[in-house]
Structure formats: C-alpha cells, structure tokens
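This report refers to the structure that appears directly beneath it.
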Amino acid sequence: MKAATLFLAVAAFGVQANHDEHESHGHGAHEHGHGHLNLVLDGNQLMIELQAPAADLVGFEHAAKTDAEKVQFAKAMAQLKQPDALFRLDPAAGCTLAQQEINAPKEDHDHDHDHDKADADHDEHHHEDGHADMGAMYTYNCQTPAKLTGLEATLFSLYPSLEKLSVQGILPAGQTAAELTPSAYKLSW
C-alpha cells in the first residue's frame, strides 16, 4: 500500500505541474510528441504510469468512427496491453507483471444511454479542445528489486511520432527526473 501512496504523490506532482503549465501558457500540457512516465519502486513493487496524446499512440484523437480507425484503435490498445514491448527491465530483477490498467478514450458510442464510471473516466481524458490523452498503469512484482537499476523505453520504435517522455520517479535512493527520447531511451538509477 505504501507504493500506491507514493505513486499518488508522483501523479499529484505531475497534475500540479500540468496545471501550472496550463495556467502560464494558456494551452495546457497536451503537446503532441510529448508523453509522461511516472514510476515508483517501493520494496519489491514497481509501478509505471505512461500517459501520452492519443495522436501519438493511436494516430488520431477523436473517437474511432470508420472501420479503419477502429482497427487502428484496437491495434493501439493491444500494444498498450503488452508492456514488455514498451519497456525493458533488467531480467536479473525478476519482475513480473501483476496488474495493468489501460486508460483510453472510448470508441464512438451512443450518447442516449446512462454513463457509468468508465465514461466519466473517458471524459476526464478528453479535453474541451478535442485533444485526448491515453495511457496505462503497470504494476510489477520484482523478486530481486536491488538488481533493478533502470529501464529502457523501447516504445519509441512502436510510436514514431512520440519524440520525448518526461520522467518523474520515486526510488529507494530518492526522487528522479529525466527526459527520454528515441536516441536517449535508457533511464538509470
């Protein structure tokens, strides 16, 4: 439970930073090509949260309407459900995926029905100006967390329009912040 508390602290810091950026620049933190990666390593648990514009992960930000868009959306969802293709962890740490949660705008749906919590989450990730973010949260259990000394963000090969990831993390040695790019995709701690 301690890791969840720490993860919420990182997420709250990111929300505040995004709010401050929105206030000072007038266009919000939504920037095509720029994603966010939050991570917490606490005990044997590693939590990773990825968030990026839907335009970078799917190729568009509106609800999938055509058959081609629905196929593209399904492909993006399938990729997000395979974190081993997005991140590489040191195998010596023995980390196994324990849980994942995908946060994505829903495909086009009928608005004449009652909205449940999932639809409320959808609205939370869909901005007033038509920009949508999506992402995922992954929780790993690691047998030897001391051997986990970094990660490689291999997702840049899957998402060529994603140009950078702003990283924030809470680790046993303290906090970390970095920027990862397709050419500098390794984070060490």
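The values are calculated or read from the model by the stated rules, or taken from the named source; none is laboratory data. If you're wondering where the values come from, they're calculated on a predicted model, not measured in any experiment. A quick note on method: Cβ atoms are made from the backbone with ideal geometry, for glycine too, and the neighbour counts reach across all protein chains shown. SASA here: full protein model, heavy atoms, side chains in, ligands and nucleic acids out. Shrake-Rupley method; radii C 1.70, N 1.55, O 1.52, S 1.80 Å.
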Take the stretch 176-189 and flag every residue that is farther than 22 Å from residue 82 by Cβ, open to solvent by 70 Å² or more (accessible area, probe 1.4 Å) and part of a strand (DSSP E or B). 177, 179, 188
Top-ranked residue of the stretch 48-79 - restricted to ones that are closer than 22 Å to residue 140 by Cβ, among the hydrophobic types (A, V, I, L, M, F, W, C) and open to solvent by 20 Å² or more (accessible area, probe 1.4 Å), ranked as farthest from the chain's Cα centre (by Cα): 78
Filtered residue count, the stretch 51-78, keeping only those that are among the β-branched types (Val, Ile, Thr) and touching a helix residue (DSSP H, G or I) at 6+ places or on another chain (Cβ under 7 Å): 1
Evaluate the following for residue 32: is it modelled with pLDDT of 60 or more and either out of contact with any His (no Cβ under 6 Å at 6 or more places or on another chain) or open to solvent by 30 Å² or more (accessible area, probe 1.4 Å) (or both)? yes
Cβ-Cβ below 9 Å, separation at least six or inter-chain, first residue in the stretch 152-175 and in a helix (DSSP H, G or I) and open to solvent by 40 Å² or more (accessible area, probe 1.4 Å), second at pLDDT 95 or above and not hydroxyl-bearing (Ser, Thr, Tyr): which pairs? 157/85; 157/182
The conditions are (1) more than 18 Å from the chain's Cα centre (by Cα); (2) at pLDDT below 95; (3) surrounded by 12 or more Cβ atoms within 10 Å (Cβ to Cβ), and residue 114 fails exactly one of them. Which is it? (3)
